[in-house]
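Just below is one structure, and these are the notes that go with it.
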Amino acid sequence: MEKYLSNNLVSLRALEPEDVDLLYSWENDPEVWEVSHTLVPYSRYILALYIKNSDKDIFESKQLRLMIDSFEGKTIGAIDLFDFDPYNSRVGIGLLIHAKEDRSRGFATAALDLLIEYCFQKLNIHQVYANIETGNKISLSLFEKHSFTIIGTKKEWLRSNSGWKDEVLLQLIKA
């Protein structure tokens, strides 16, 4: 594995057919739906097709999902590139560390470090961005720690069980 896809805490890897059950449990977890903007469950069949078709180049599919493996060898999350725009040299980032016991251990920071380096060094991206609900203080802190800047607020952008929530757009431009 290339050095830019691993560090002392995590490694980022391509999807494997064996990931279907893990993705099935994560994608169908109602606690994750609000942050992933999911409204309906995914079938194992659809997720298996997604994995099967994940061999497409990011320039073709405009997205990339990488699984996050901890240094202990456990798959703990996923990190996504989405809305890849090669002409304008930008891409969105989404990140999930699923199990609560795997959070606050530095894994998200380590994965985001690797993905930012990959975007800027290998994909030659000019800027990366993230959309985060304003109440998600842990994610906001993570991205701000990586020098992302809040550049705007989308008012009442997200509907939730507790009402409307604002979402901020964060941006990191290559130095």
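Taken together, the values in this text are just the output of simple stated rules run on the coordinates, not laboratory data. Quick caveat: nothing in here was measured; it's all calculated off a predicted structure. Backbone-built Cβ (ideal geometry, glycine too); neighbour counts: all protein chains shown.
Find which of 63, 89, 28 sits farthest along the positive direction of the dipole of region 1-109, computed with +1 on the beta-carbon of Lys and Arg, -1 on that of Asp and Glu, about the Cα centre.
The residue sitting most towards the positive pole is 89.
So how many Å³ per residue does the convex hull of the Cα atoms of region 23-112 work out to?
118
If the chain between residue 50 and residue 13 were fully stretched, how many nm would it gain, using 0.36 nm times the residue separation less the Cα-Cα distance? Show your work: numbers first, answer last.
Numbers: separation 37, 0.36 × 37 = 13.32 nm, distance 1.55 nm.
The residue 50-residue 13 span can extend by a further 11.8 nm.
Taking 0.36 nm per residue of sequence separation and subtracting the Cα-Cα distance, how much length would be gained by fully extending the chain between residue 31 and residue 57, in nm to one decimal?
Values: separation 26, 0.36 × 26 = 9.36 nm, distance 3.05 nm.
Full extension of this stretch gives 6.3 nm more.
For the chain, what is the mean residue ellipticity at 222 nm derived from helices alone (per DSSP H run of n ≥ 4: -39500 (n - 2.57); sum divided by total residues; nearest 500 deg cm²/dmol)?
On the way: 6 runs with 48 residues, N = 175.
Rounded to the nearest 500, it is -7500 deg cm²/dmol.
Identify, among 54, 142, 40, the residue whose Cα sits farthest towards the positive end of the charge dipole of the chain, taking +1 on the Cβ of Lys and Arg and -1 on the Cβ of Asp and Glu, with the dipole about the Cα centre.
Result: 142, furthest along the dipole toward the positive end.
What aspartates and glutamates does residue 100 reach when the alpha-carbon gap must be under 20 Å and sequence neighbours fewer than 8 apart in one chain are set aside?
19, 21, 27, 29, 31, 34, 69, 72, 80, 133
Once the Cα gyration tensor of the chain is found, what semi-axes does its equivalent ellipsoid get, as square roots of 5 times the eigenvalues, in whole Å, sorted largest first?
Working: eigenvalues 100, 90, 59 Å².
Gyration-tensor ellipsoid for the chain: 22, 21, 17 Å.
So, how do all the Cα-to-Cα distances of region 74-175 break down into 10 Å bins, in percent, from 0 on up?
14, 45, 34, 7, 0
Put +1 on the Cβ of every Lys and Arg and -1 on every Asp and Glu Cβ in region 3-125; which of 114, 104, 73 then has its Cα farthest towards the positive end of the dipole?
Farthest towards the positive end: 114.
Give, rounded to the nearest 20 debye, the magnitude of the charge dipole that the chain has about its Cα centre when Lys and Arg contribute +1 at Cβ and Asp and Glu contribute -1 at Cβ.
On the way: 20 positive and 26 negative charges, 84 e Å.
Using Cβ point charges on Lys, Arg, Asp and Glu, the chain gives about 400 debye.
I want the antiparallel fraction of DSSP beta bridges within the chain, as a percent rounded to 5.
Working: 33 of 36 bridges.
That works out to approximately 90 percent antiparallel.
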